Amino acid sequence: SKQAQLMEVLKKEVRAMLIAAKAGLTPEQLEEQYMAMVCKPLPLRDLGFQSTLELVTQMPEVVQICSSKNGSLILKAIADDSTRGIAKLVANQKVKSRKASKKTATKANASFPTKNSKNPQSFQTLSAMTPVLPAMVKAELQDLLSSSPLLLTDLDKAFLRRFGRAFQYRQYGFLSVFEVLRSMSDSIVVEQTKAGSLLVLRKYLGSKIEQQEVPQASAAEMPPVEPTCETKSFYQAALPMDSETVQTQAVDLGDHLKKHQGFEPFPLTPEIPPDAVQDRSLCSLPPLKRRCLVGVIVEFIVSPSQFYIHVCSTEASYKLQDLMFEMRHVYSHKVASDKYIMPESAVRPGQLCCVMVSKWWYRVIIHRVINDQEVEVFYADYGHLQIVQKSWLRFLKWHYLKLPAQAIPCSLAWVKPVEGTWSSAAVLLFKHLCRFKELVGIVDEYVDGVLYLFLCDTSTKEDVYFHTVLRDMGYADVCGENIPSQEFEELNPSALYVQPSGKQGNAEVVEPDLRLQQEPRDADSETATSKLNGAEL
């Protein structure tokens, strides 16, 4: 029956989620994880259950229900024959010490196969990485502190109130809030006061004296970043008259002409600002060298054959973060925002612009017009497509064209799905392997603008290669060559809308800081052998 089939699929998904969680999950966390990974709630009603706990009690071969020290229920996975290897790897995950967390990426013995030899060669990868906060979460924390300092005890409540969700730092690999704050010590300072630990933006500390001399704006209006000279001069010119006043005067003038001269005035069309991007494209990041090792974070996943990564680089991360802050600051002012409203004629496929989602502005390219109210856009810095309202779109200022598109389209090297297409269980496993971790990427080659690379998790006692895990779980065949991604062949927005590096015209191309990028040592690679779970490819 359909219910029995649904239950079997659900058992596999629940087991995969619980295996990935070393300490187990509470029923509430399981619900959140399922929603985040499958993009729909647990099908409790479809299966006739009233609660998650009632559901898992009917999976005695999949879920072990335990109690924690504080009395709460913890759900842990019961591995079967096909998942015992994965469970063992998760159980062997290392807990980093404070000293280790302070170290930047260093070399560790790891290897990957090459096409020219039956014996896979080994190269050195980067050792266990420190946890990494996504750029979006960093920006949210800085935004939270931009109006005023905040006591550490109030952080959770303030974050929930501002962004509508709890600050779940553990899902990013951090063991405590203090580890999070240490990772942002360049922008957030913890001061000890009588009331407790106070979180202050470092930038705010440097400008205390200046702020005492200059009258402060209200907390609600205080911008998160200082405006550039360009935006300051624009605000000074624009502030004397807001858009509402302009509209009122235009209506009054139209009524006057109609009444006294007997004709209808021409409709007033908004003038497109000279610094609005109209017929330009973003450029891509410079290509990575073959066989180089680079720290990466997987940002968006469709399948192992179609996903997007960010290169881990402090400078590149800051540039994207600064761009988002400045765009939010500029476009959040009604005068500026109204100035860059896009007329209907400009809302067309291929148009580079920006869109506001949850008070943040993103660089996007219009992929298709859905109807009079909606368009589908491609997020050039994150890799996904989304349907948004036309009214949320604005022209992109020329200044924001400089930073290359940060999302790199990728496919996992040397693998193909066993069944012709990737199963939902394979995609779910791949998402769990990649989730909120800094990984080591081993570059193989570029094919039609898509980067084919191996992915390795070095946070465990033994390096975990994702193509090997997919093979051992029975989801993939390792074929020793790169099969063109069917998903990217059907649609590759990056290839459609993003220019190759250096072909952007007069716009400045800013190369990322690839300080984690390393060349393998040929002398070592000639004599070393691979340890891909003891199996030669």
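Shape analysis of segment 135-202 places it in the rounded category; the axes a ≥ b ≥ c from the Cα gyration tensor give an a/c below 1.5.
For Asn371 and Lys40 in one chain, what is 0.36 nm times their gap in residues minus the Cα-Cα distance, to one decimal in nm?
Length gained between Asn371 and Lys40: 116.6 nm.
Cβ-Cβ distance of Val9 and Ser185, R₀ of 45 Å, FRET efficiency by 1/(1 + (r/R0)^6): the value works out to about 0.50. Distance between the pseudo-spin-label points of Gln64 and Thr193 (7 Å out from Cα toward the beta carbon): 4.7 nm. Couplings 3J(HN,Hα) for segment 474-489, derived from phi with the Karplus relation 6.51 cos²θ - 1.76 cosθ + 1.60 (θ = phi - 60°), are x, 9, 9, 9, 8, 10, x, 8, 9, 7, x, 5, 5, 5, 6, 5 Hz, where x marks Gly and Pro.
How much of the accessible area of segment 315-400, in percent, comes from carbon and sulfur atoms when a 1.4 Å probe is used?
53 percent
Summarising the amide proton neighbourhood of Leu282: residues at separation of 5 or more, or on other chains, whose placed amide H is nearer than 5 Å comprise Gln499.
The stretch between Leu175 and Arg435, if pulled fully straight at 0.36 nm per residue, gains 92.0 nm over its current Cα-Cα span. If R0 is taken as 56 Å, the Cβ-Cβ distance between Lys461 and Val347 corresponds to a FRET efficiency of 0.55. For Leu42, no residue 5 or more places off, or on another chain, has a built amide H under 5 Å of its own. Spin-label model, Glu54 to Cys479: label points 7 Å out along the Cα-to-beta-carbon direction sit 4.6 nm apart.
With 18 Å as the limit, the listed pairs Lys203/Lys334; Lys11/Lys76; Lys157/Lys431 have Lys203/Lys334; Lys157/Lys431 beyond it between alpha carbons.
With the gyration tensor restricted to C-alpha atoms of segment 315-400, the semi-axes of the equivalent ellipsoid amount to 20, 16, 10 Å, longest first. Per residue, the accessible area of segment 2-92 comes to 58 Å², computed with a 1.4 Å probe over protein heavy atoms only. With R₀ set to 35 Å, the beta-carbon distance separating Val200 from Val357 gives a calculated FRET efficiency near 0.75.
Find how much the distance from Lys334 to Glu419 grows on full extension, using 0.36 nm per residue of separation minus their present alpha carbon separation; answer in nm with one decimal.
25.3 nm
Annotation for segment 274-323 versus segment 326-405: alpha-carbon center distance of 18 Å. Based on the alpha-carbon gyration tensor of segment 2-92 and its eigenvalue square roots a ≥ b ≥ c, which shape applies: rounded if a/c is under 1.5, prolate if not and a/b is larger than b/c, or oblate? It is oblate, given that a/c is not under 1.5 and a/b is not larger than b/c.
The values are calculated or read from the model by the stated rules, or taken from the named source; none is laboratory data. Bear in mind that the values here come from a model prediction, so they are computed numbers and not experimental data. Counting neighbours? That spans all protein chains shown, and the Cβs are built from the backbone with ideal geometry, glycine included. Protein only, heavy atoms only, side chains kept; ligands, DNA and RNA dropped before computing areas. Shrake-Rupley method; radii C 1.70, N 1.55, O 1.52, S 1.80 Å.
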